[in-house]
Each structure stands twice: as structure tokens, then as C-alpha cells.
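Okay, structure first, notes after.
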Amino acid sequence: MSTAILKNTYDLLLEKIESIKVEIRENSLKIEKAADFGDLKENAEYKTAKEHQEFLFNKLQRFEQYMNCRVVDSKNVDPEKIAFGTTVKIEDSKSGEVIQYNIAGPVEYELESMPDVVTYTSPLAQLLIGKKKGEEVEIQMRNSVDTLKILEIGPIV
């Protein structure tokens with residue numbers, strides 16, 4: 001199964017990739033400047049710039065791998081049942097606490113593109129996926145079993 005990514009996140013990813021490429025070009029200039037200071041073995045500016053360059057290239061590579069993800073527009077997600085690209089409000093039957101989660105993917109989680117992301121591969125999401133409004137789900141929590149009631153389902157906006 002290929003990794004899914006929301007259309008909004010994909011657009012954000014494109015922006016971040018371009019931003020990293022700009023930062024790499026700027027960092028390359030810093031490396032050139034620092035190299036002009038002389039002995040590279042004892043040149044702190046050069047070492048720092050080279051380390052930052054490695055960090056940027058690693059980040060770019062990681063982000064570019066997400067370009068092969070399956071893009072999903074949350075506007076096309078069925079709001080009748082929980083799935084990738086939905087927001088769900090659930091109520092804990094013991095505490096009465098209402099919690100909202102966004103069922104998304106690892107890309108949304110890594111980019112922190114939205115609050116309260118639960119990746120669709122997580123145990124909680126796996127329990128919730130396919131459920132409908134009004135249904136209850138039992139979840140094992142440490143030494144007890146909690147019942148969660150699904151209050152609302154909608155597309156992530």
C-alpha cells in the first residue's frame with residue numbers, strides 16, 4: 001500500500017522543498033565564503049556550514065521521497081465513515097471528555113501541518129477507520145478498557 005498524503009499537505013510539501021533548495025543555495029555560498037578563511041581543518045565556520053548542508057540534503061531527500069505518495073483531496077472523502085482525510089470527534093465514556101483527531105498520514109504528522117494528527121497506521125486509527133457516527137469502539141488502555149463514542153465525522157479542511 002502506498003503512503004497517502006492530503007492535497008493541502010502535498011502543496012505545502014512542494015513549498016517546503018523549494019524553500020530547502022533556496023536554503024541549500026544560500027548555504028553553498030556560506031561554505032565558499034568560509035573556505036576562503038583558510039585552513040579547513042580548524043575552520044569552525046566551514047565545518048558548521050558543511051554540517052548544515054548535510055542536514056539540508058537529508059531533509060530534502062526525505063521530503064522528496066514523499067512526492068511519490070498517493071494524493072487524496074479531503075473534499076472527496078466520504079463523511080459517513082472514518083477514513084484517511086477525516087476529522088473525527090469522539091467522547092470518552094468514562095471521563096466525558098470530547099477529543100478531536102485528524103486521521104491523516106505520516107507526512108502530515110512530520111510536517112506538523114495540522115493539530116491532533118493520528119496517522120492512519122496507528123492502532124487508534126485502525127480501530128476507528130470504517131466506523132460511523134454513533135458507533136462505539138472499545139480500546140485497551142493500560143489496565144482498563146475505555147469505550148469511545150463517535151460523535152462527528154467530517155473531511156479535514
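Report whether or not Asn76 is at negative phi, out of contact with any strand residue (DSSP E or B) (no Cβ under 9 Å at 6 or more places or on another chain) and not acidic (Asp, Glu). Step through it out loud before you land on a result.
Details: at negative phi: yes; out of contact with any strand residue (DSSP E or B) (no Cβ under 9 Å at 6 or more places or on another chain): no; not acidic (Asp, Glu): yes.
When the stated conditions are applied, Asn76 does not pass them.
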Subject >> segment 73-132, subset assigned to a loop (DSSP other than H, G, I, E, B) and among the charged types (D, E, K, R), residue farthest from the chain's Cα centre (by Cα) >> reply: Lys94
Original post:
Tell me, which residue of segment 20-37 that is of a type outside the set (D, E, K, R) and surrounded by 12 or more Cβ atoms within 10 Å (Cβ to Cβ) is farthest from Asn68 (Cα to Cα)?
Top reply: Phe37
**OP:** Look at Glu112 and say whether it is within 30 Å of Glu15 (Cβ to Cβ) and surrounded by 16 or more Cβ atoms within 10 Å (Cβ to Cβ).
**Re:** no
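Of the residues that make up segment 64-79, is at least one more than 29 Å from Val137 (Cα to Cα) and without any contact (Cβ under 8 Å) to a residue 40 or more places away in the chain?
Yes, that holds for at least one residue.
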Original post:
Which one of the conditions (1) surrounded by 13 or more Cβ atoms within 10 Å (Cβ to Cβ); (2) not assigned by TED's automatic domain parsing to the domain that holds Asn102 does Gln65 fail to meet, given that it meets all the rest?
Top reply: (1)
Original post:
In segment 95-103, is there at least one residue being surrounded by 15 or more Cβ atoms within 10 Å (Cβ to Cβ), touching a residue at least 40 places away in the same chain (Cβ under 8 Å), farther than 27 Å from Lys149 by Cα and assigned by TED's automatic domain parsing to the domain that holds Glu135?
Top reply: no
Original post:
Looking at segment 1-19, which of its residues are in contact (Cβ under 8 Å) with a residue 12 or more places away in the chain and either surrounded by fewer than 12 Cβ atoms within 10 Å (Cβ to Cβ) or over 17 Å from Asn68 (Cβ atoms) (or both)?
Top reply: Ser2, Asn8
**OP:** Report, by residue number, each residue of segment 40-64 that is among the aromatic types (Phe, Trp, Tyr) and at pLDDT 90 or above.
**Re:** Phe55, Phe57, Phe63
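The values are calculated or read from the model by the stated rules, or taken from the named source; none is laboratory data. Owing to the predicted nature of the structure, the values given are computational and were not obtained by experimental measurement. When we count neighbours, we look across all protein chains shown, and the Cβ atoms used for this are built from the backbone with ideal geometry, even at glycine.
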